[in-house]
Amino acid sequence: FGRHNYFASSLFHAGMLCGSFISFFVTTLAATVILLMSENFEPTMAALALTYSYLMPYFLMVFSAVLGMTKLCLASLERLLEYRGAEVAQEQDWELPSDKVDSALVSWPSEGAVSFKNVTLVYREGLKPAIQDV
């Protein structure tokens, strides 16, 4: 289990790292374009472009997490569908209609009752009674 969990965690973190690298390059490119061509951009639009480029790692990490969970769910679905199929050996029924009925089971009492009158219980001889006159 640990080996597979480590592998899945490594894939998730690799996706996050790739997302961070991509967002770094996009943010750097956006900042460079805004600085070099500052006369063509309004300050509000430049700020909005930089803000969205800084938010890109979050969206890429969410995309990476959703992609990983989707792969996990599809693998689980595949496993469930395999269990439903005929390839999985099924156990035989515990009781078959052709089995003989044991006569001891038929004559076995279906209910019972125990009653106590004036009972005294002692753990060991010489000790005081634990229960007396019940």
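Each reported figure results from applying straightforward, stated rules to the coordinates on display, with no laboratory input. Everything numeric here is computed off the predicted structure, so don't read it as measured data. Positions of Cβ are backbone-derived with ideal geometry, glycine not excepted, and every protein chain shown enters the neighbour counts.
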With the charge dipole of the stretch 2-84 built from beta-carbon charges (+1 for Lys and Arg, -1 for Asp and Glu) about the Cα centre, the Cα from Y52, F12, C73 projecting farthest to the positive end belongs to C73
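Let me know the shape class of the stretch 71-134, please: from the alpha-carbon gyration tensor, a ≥ b ≥ c as square roots of the eigenvalues, rounded when a/c is under 1.5, otherwise prolate if a/b is greater than b/c, or oblate.
Values: a/c = 5.34, a/b = 2.10, b/c = 2.55.
Because a/c hits 1.5 or more and a/b fails to exceed b/c, the stretch 71-134 counts as oblate.
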Enter the angle in degrees (range 0 to 90, nearest 10) between the Cα long axis of helix 2-36 and the first principal axis of the Cα atoms of the chain, meaning the one along which they spread out most.
-> 20 degrees
Roughly how many whole Å is it from the C-alpha centroid of the stretch 69-87 to that of the stretch 1-54?
-> 35 Å
Please give the peptides 85-97, 15-27, 117-129, 66-78 ranked by average Cβ packing (other Cβ atoms within 10 Å per residue), highest first, as a rough proxy for protection.
-> 15-27, 66-78, 117-129, 85-97
